[in-house]
Amino acid sequence: MRLAFFGSDAIALPALEYLHWAEGIELAGVVSQPDRPAGRGRHLHANAVSAWAHRQGLPLLQPEKAGEEEVTWLRTQHVDLVLVMAYGQLLKKDLLEAPPRGMWNLHASLLPAYRGASPVETALACGESVTGVSLMRLAQKMDSGPVAAQVHVPIRDTDTAPVLRERIGLACVPLLQRHLAKLGDGSIEPTPQDEARVTYCRKLHKTDAHVDFALSAIELECRVRAFQPWPGVTVEHDGHDLKVGSANALPETTSAIPGTVLHACEGGVDVATSSGVLRLLSLQRAGGRMLEAAEFLRGYRLEPGAVLKSHAIRPLVSPTPFPRVG
């Protein structure tokens, strides 16, 4: 069976590695996002998938927007089936119909929950106890196609987004091992999604780093873990943005105004929230490095009674698609 793979993010690498070495599979090539400027020098950098394809010597296509040329390439390469994961573009009908066995997506959520651009981070930020991967047939409407199979991935209390993304990526391999042959021979029977249970997540923005202490301590801890390494979480004190590296929710009650610093000592900085206390365990000033609370407080004055500013935050989940921005 000849396959092509569309992907642009490191979460897709375990699936791609499996396809490259699996018996009975011939990987015709990889389609990925173009190299983008990154870092202080704004030099062009390849994403994780295109860098992997270069190392393996595989044919690599990097269109600004996949279209007729890729349709022609799929047909001339006699590609039977296309797998997609974290590619970063919506694909048009002619592309979806080009491979005889269809285009199938590995989506990093348990659909119909968390259709959209940030399913891993959003599930973590929302305090879910389990997420997973859905193997679904691609349709023109975002993440709406019928689901062939799913695998569950538990979310641990200490998971950060990079840790969870790694486990979700690895979970794709047994999913493909069990179902790829059925995709190839057309015997798989996907199930339509329950539209009454659909939720959408959106692309994250740098303003999602803001904190609203009207949320509970548990909600804020989840956001700290979910938004690593980007956009991160920052608290504002006297006009200074302090990045939070890690935090714990404490089951304590307080009548203090949300955002009030209750304690600032070696164990951490305790801040009142609408429900519970958030202990900031590591912090970073602009231009500095991330420090444990005890070391940070030796160089930055943050006293009990100070009030950290709250900011309004945008919802992460919606029952309808979020409008495109930019």
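The values are calculated or read from the model by the stated rules, or taken from the named source; none is laboratory data. Model, not experiment: these values are computed from the prediction. Reconstructed Cβ throughout: ideal geometry from the backbone, glycine too, with neighbour counts over all protein chains shown. Ligands, DNA and RNA are stripped out before the accessible areas are found, and what is left, the full protein with its side chains, is counted by its heavy atoms. Shrake-Rupley method; radii C 1.70, N 1.55, O 1.52, S 1.80 Å.
Computed quantities for the displayed model
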| read-out | value |
| --- | --- |
| Cleavage-rule hits (trypsin sites (Lys or Arg not before Pro)) in region 95-145: DSSP loop, at most 13 neighbouring Cβ within 10 angstrom | K141 |
| Size of charge dipole - region 27-174 - debye, nearest 20, with Cβ of Lys, Arg +1 and Asp, Glu -1, no other charges | 120 |
| Vicinal HN-Hα couplings computed from phi for region 298-307 (Karplus, 6.51 cos²θ - 1.76 cosθ + 1.60; Hz; Gly/Pro x) | 6, x, 9, 8, 9, 9, x, x, 5, 10 |
| Residue-normalised accessible area of region 1-88, given per residue in Å² at a 1.4 Å probe | 49 |
| Karplus-derived 3J(HN,Hα), 6.51/-1.76/1.60, for each residue of region 285-293, Hz, glycine and proline x | 7, 4, x, x, 10, 5, 10, 4, 3 |
| Among beta bridges that DSSP assigns inside the chain, antiparallel share in %, nearest 5 | 70 |
| Fraction of antiparallel bridges per DSSP, region 1-124 only, in percent to nearest 5 | 15 |
| Apportionment of accessible area to carbon and sulfur, the chain, percent (1.4 Å) | 52 |
| Cut-off 15 Å between beta-carbons: net charge of the residues surrounding V31, Lys and Arg +1, Asp and Glu -1 | -3 |
| For the chain, average projected area of the Cα convex hull in nm² | 18.0 |
| Other-chain or far-sequence residues with amide H under 5 Å of L308's (modelled H) | T260, V261 |
| Per residue, in Å², the accessible surface of region 146-261 once ligands and nucleic acids are set aside, probe 1.4 Å | 50 |
| Among S187, S134, S274, residue whose mean-square fluctuation peaks in a GNM of the chain (springs only between Cα atoms under 10 Å) | S187 |
| All-pairs alpha carbon distance profile, region 76-162, 10 Å steps from 0, percent | 17, 46, 26, 10, 1 |
| For region 115-145 and region 231-255, distance of Cα centres in Å | 28 |
| Helix runs (DSSP H) in the chain reaching 24 Å along axis by Cα, Kyte-Doolittle at least -0.5 | 161-185 |
| Positive-end residue of A98, V244, A217, charge dipole of the chain with Cβ unit charges | A98 |
| Along each principal axis, Cα extent of region 1-137, largest first, Å | 46, 41, 30 |
| GluC sites (Glu not before Pro) lying in DSSP loop within region 44-126, provided at most 15 other Cβ fall within 10 Å | E64, E97 |
| Estimated dipole of the chain in Debye, rounded to 20 [Cβ of Lys and Arg +1, of Asp and Glu -1, Cα centre] | 520 |
| Table column - 3J(HN,Hα) (Hz), region 197-206, Karplus curve with 6.51, -1.76, 1.60, x for Gly and Pro | 10, 6, 10, 10, 10, 10, 5, 6, 10, 4 |
| Reciprocal mean inverse distance between Cα atoms of region 98-251 - Kirkwood radius, Å | 16.9 |
| Global geometry of region 198-288, whether rounded, prolate or oblate, following the gyration tensor of its Cα atoms and the 1.5 cut on a/c | oblate |
| By average C-beta atoms within 10 angstrom, highest first, the peptides 311-324, 199-212, 221-234 | 221-234, 199-212, 311-324 |
| Cα gyration tensor shape of region 1-41, rounded if a/c is under 1.5, else prolate or oblate by comparing a/b with b/c | prolate |
| Residue-averaged 222 nm ellipticity for the chain, from DSSP H runs of 4+ at -39500 (n - 2.57), nearest 500 | -7000 deg cm²/dmol |
